[in-house]
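The block underneath contains the structure these notes are about, expressed in structure tokens.
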Amino acid sequence: MSPSIDNAKCVLVTGATSGIGRALALAIASLPSHPKVIGVGRRKDRLVELTEAGIDAENFDVNADKAATKTFVEEMIKKYPEIDTLVLAAGIQREVHFKKDVDLEAVATEMHVNYFSILAIISFFIPHLLAKSVSGHPCLIAPVTSGLAYVPAPWIANYSASKAALHSLCSSLRVQLEDTSIGVIEISPPLVESELHDAEGTTGALSRFWMPLEEYTKETIEGLQRGVNVVCSGMSKNIYEKFEQPKEQIITEMAKRAATHSQFQEMIVL
Ligand SMILES: NC(=O)c1ccc[n+]([C@@H]2O[C@H](COP(=O)([O-])OP(=O)(O)OC[C@H]3O[C@@H](n4cnc5c(N)ncnc54)[C@H](OP(=O)(O)O)[C@@H]3O)[C@@H](O)[C@H]2O)c1
């Protein structure tokens, strides 16, 4: 069965206090299947708004260490044992200029929020999802990458690298979970109306090109319902289809024939 958001009973959405995450959380809660939605973020006023919209809200800073992330996931599983779907949208974006001073702390935080925290949350949820998978319950993991995962924007070098890492992780995770009922759908937005660029003061300039959030959300929900491996739109779709889709097919084909890492390596060499 291909994964679909229509099968979800309980969806945890990170980054649900603004932009893409919030729009997806609200749209998923309005699906005819009426899944329960839990929105995660830090801003308290926004979390209150979510509860007013009928979404359970949880305060968590994903820039947390391993132990705190594990505790958070355990608490979520205890409080919401029905969770079968993760939409991982929390993210930040900073510029990096190598001819000036590079703020390595900011770089590490960006990589942690955009990549490591997602890997950690997924890892801590996997035993719970595998237990559901044993009884055939469909589960879904949907991390949010970017079209910049495939072609980097040099001014946001570390952001692009963090998204490339997350895209790569999605491809590997999908193969590793192939014999389970846990699907992996990568959500790969183009430039979309949100608050992402406020921190660098580029919102005004970028808003001339971005895809309106409403249009983007509609397309993304349709993609999540269809259950394709990568849900992308606009520029992200063009780049994905041109450069990445052929690679995805190779990964899937080789993984089908290789049972171990060494067999996979042997095929790449040949
Ligand atoms: N908009 C675009 O053009 C675009 C394009 C490609 C990919 N994306 C990706 O889409 C995702 C959503 O971004 P957006 O564009 O919707 O931006 P946004 O409006 O700024 O939303 C970012 C969300 O991430 C949460 N977040 C950030 N740092 C966090 C932390 N340390 N702990 C917990 N939550 C944190 C924010 O919540 P709090 O501040 O309340 O914690 C907020 O809900 C991101 O992964 C982004 O990289 C966006």
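Among K132/K218; K44/K78; K44/K237; K36/K242; K36/K256; K36/K70, which pairs are too far apart, with a Cα-Cα distance over 31 Å?
Result: K44/K237; K36/K242; K36/K256 exceed 31 Å.
When the Kirkwood radius is taken over all Cα pairs of the stretch 17-56, what Stokes-Einstein diffusion coefficient follows at 10 °C and 1.306 mPa s, in µm²/s?
Once the numbers are plugged in, D ends up at 158 µm²/s.
Expressed as a rounded percentage, what relative contact order does the chain have, with Cα pairs under 8 Å and six or more residues apart?
This gives 20 percent for the chain.
Do the sum for the chain: with -39,500 (n - 2.57) for every DSSP H run of n ≥ 4, divided by all residues, what is the mean residue ellipticity at 222 nm, to the nearest 500 deg cm²/dmol?
It comes out at -14500 deg cm²/dmol, rounded to the nearest 500.
Check K36: other-chain or 5+ apart residues with amide H under 5 Å from its amide H, H built from backbone geometry?
For K36, whose amide H was placed from the backbone, the distant partners under 5 Å are C10, V11.
Taking H placed 1.01 Å from N in the peptide plane, check which residues at least 5 places from I141 or on another chain put their amide H under 5 Å from its amide H.
L86, G183, V184, I185
Which far-off residues, 5 or more places away or on another chain, put their amide H under 5 Å from the one on E58, with H placed in the peptide plane?
Amide H to amide H, under 5 Å and 5 or more residues apart or across chains, E58 pairs with G39, V40, G41.
Take the chain, mark every one of the trypsin sites (Lys or Arg not before Pro) that falls in a DSSP loop and has at most 10 other Cβ within 10 Å, then report the longest stretch left between them, sites excluded.
Looking at the chain, 101-207 is the longest stretch - no exposed trypsin sites (Lys or Arg not before Pro) with at most 10 other Cβ atoms within 10 Å.
Treating cross-link reach as a plain straight distance, find the aspartates and glutamates whose alpha-carbon is under 15 Å from the alpha-carbon of K9, omitting any fewer than eight places away in the same chain.
D56, E82, D84
What are the chymotrypsin sites (Phe, Trp or Tyr not before Pro) within the stretch 67-123 that DSSP puts in a loop, where the Cβ has at most 10 other Cβ atoms within 10 Å?
Sparse-neighbourhood loop chymotrypsin sites (Phe, Trp or Tyr not before Pro): F98.
With a cut-off of 14 Å, note down the residues of the stretch 103-122 whose backbone N falls inside the zone around a label point 7 Å from the Cα of S168 toward its beta carbon.
In the stretch 103-122, the label zone of S168 (backbone N under 14 Å from the point 7 Å along Cα→Cβ) covers 115-116.
Based on the alpha carbons, how large is the Rg to Rh ratio for the stretch 126-270 when Rh follows Kirkwood?
1.02
Average projected area of the Cα convex hull of the stretch 5-269, in nm²?
About 15.1 nm², averaged over all directions.
For the stretch 1-120, calculate the relative contact order in percent as a whole number, restricting contacts to Cα pairs under 8 Å that are 6 or more residues apart.
Once divided by the residue count of the stretch 1-120, the mean separation gives 28 percent.
Please work out the FRET efficiency for the pair E241 and R208, using the Cβ-Cβ distance as r and a Förster radius of 25 Å; give the result to the nearest 0.05.
Given R0 = 25 Å and the Cβ-Cβ separation, E is 0.50.
Any read-out appearing in this document is the output of simple, stated calculations on the displayed coordinates, not a laboratory observation. Being a predicted model, the structure only gives us computed values, none of them experimental. Counting neighbours? That spans all protein chains shown, and the Cβs are built from the backbone with ideal geometry, glycine included.
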